[in-house]
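The values are calculated or read from the model by the stated rules, or taken from the named source; none is laboratory data. This one's a predicted model, so the numbers in the text were calculated from it and none came from an experiment. So basically every Cβ, Gly included, is an ideal-geometry build from the backbone, and we count neighbours across all protein chains shown.
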Amino acid sequence: MKFEVQLTGPCGKRLRTVELERDRDRWKVSLDGQQVQVDAVAINPHTLSLLLEGQSYEVHIAESPDGILELETGFQEFTAEVVDPRAWRGRWHGASEAQGRQQVVAPMPGKVVRILVAAGDTVEAGQGLLVVEAMKMQNEIRSPKGGTVERLQVKEGQPVNAGEVLCIVS
């Protein structure tokens, strides 16, 4: 799964590309296309212990009401805003809309925290359908096409696996 992250810190703003790939019981991490060695352990719900390229960091994380993550490590503070990968520049621009009946699936394991539509609702391409929380981040799952929500396959609070059908848009 790729993420665009707007990172703001002591050296200003920087847009980074982070790619996560599950490899058995570990994660492979690429930062701006370069593989990095990362090991992470949650010390508590808002603190991670990271071993990044052999250096140890303790990162305290708080989420602001607007969804921006506030990160503190040592004496440095950062903010990180995760850009929805389905809304990347150019992803929808010039691309043709999906055709026919579409199954909308979970991009990664997580939990359904909010349902934004009901069966029978009319939606536009790119409109939010539901929110799945994964790795302490909330990901809005968007419609691949304009149409009607045929049926919802999940309920709020339900855990889901990667690839599991969440809803159908026709």
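Which condition does Trp27 not pass, out of (1) out of contact with any Leu (no Cβ under 6 Å at 6 or more places or on another chain); (2) within 21 Å of Ala134 (Cα to Cα), if it passes all the others? Only one criterion in (1) out of contact with any Leu (no Cβ under 6 Å at 6 or more places or on another chain); (2) within 21 Å of Ala134 (Cα to Cα) is unmet by Trp27, namely (1). Taken together, the residues in segment 142-170 that are without any contact (Cβ under 8 Å) to a residue 40 or more places away in the chain and more than 17 Å from Gly100 (Cβ to Cβ) amount to 2.
So, of the residues in segment 127-143 that are polar (S, T, N, Q) and either under 12 Å from the mean Cα position of the chain (by Cα) or crowded, with 18+ Cβ neighbours inside 10 Å (or both), which turns out to be nearest to Val41 (Cα to Cα)? Here the answer is Gln138.
Do we have Ala62 as part of a loop (DSSP other than H, G, I, E, B), modelled with pLDDT under 90 and surrounded by fewer than 16 Cβ atoms within 10 Å (Cβ to Cβ) here? Here the answer is no, as Ala62 does not meet what is asked. If a residue counts only when it is under 16 Å from Gly67 (Cβ atoms) and aliphatic (A, V, I, L, M), which strands (runs of 3 or more DSSP E) contained entirely in segment 110-170 have at least 1 such residues? Because the criterion is at least 1 residues that are under 16 Å from Gly67 (Cβ atoms) and aliphatic (A, V, I, L, M), the strands (runs of 3 or more DSSP E) in segment 110-170 that meet it are 110-115, 128-134, 137-142. Inspect segment 73-95 for any residue being touching an Asp or Glu at 6+ places or on another chain (Cβ under 9 Å), modelled with pLDDT under 85, farther than 21 Å from Lys136 by Cα and of a type in the set (Lys, Arg) and give the result as yes or no. Within segment 73-95, one or more residues are touching an Asp or Glu at 6+ places or on another chain (Cβ under 9 Å), modelled with pLDDT under 85, farther than 21 Å from Lys136 by Cα and of a type in the set (Lys, Arg). Number of residues in segment 30-41 that are part of a strand (DSSP E or B) and either acidic (Asp, Glu) or touching an Asp or Glu at 6+ places or on another chain (Cβ under 7 Å) (or both): the value is 3.
The set of residues from segment 98-118 being in contact (Cβ under 8 Å) with a residue 40 or more places away in the chain and over 21 Å from the mean Cα position of the chain (by Cα) comprises Ala98, Gln99, Gly100, Arg101. Could you tell me whether any residue of segment 31-52 is surrounded by 12 or more Cβ atoms within 10 Å (Cβ to Cβ) and more than 20 Å from Glu72 (Cα to Cα)? Taking every residue of segment 31-52 in turn, at least one turns out to be surrounded by 12 or more Cβ atoms within 10 Å (Cβ to Cβ) and more than 20 Å from Glu72 (Cα to Cα).
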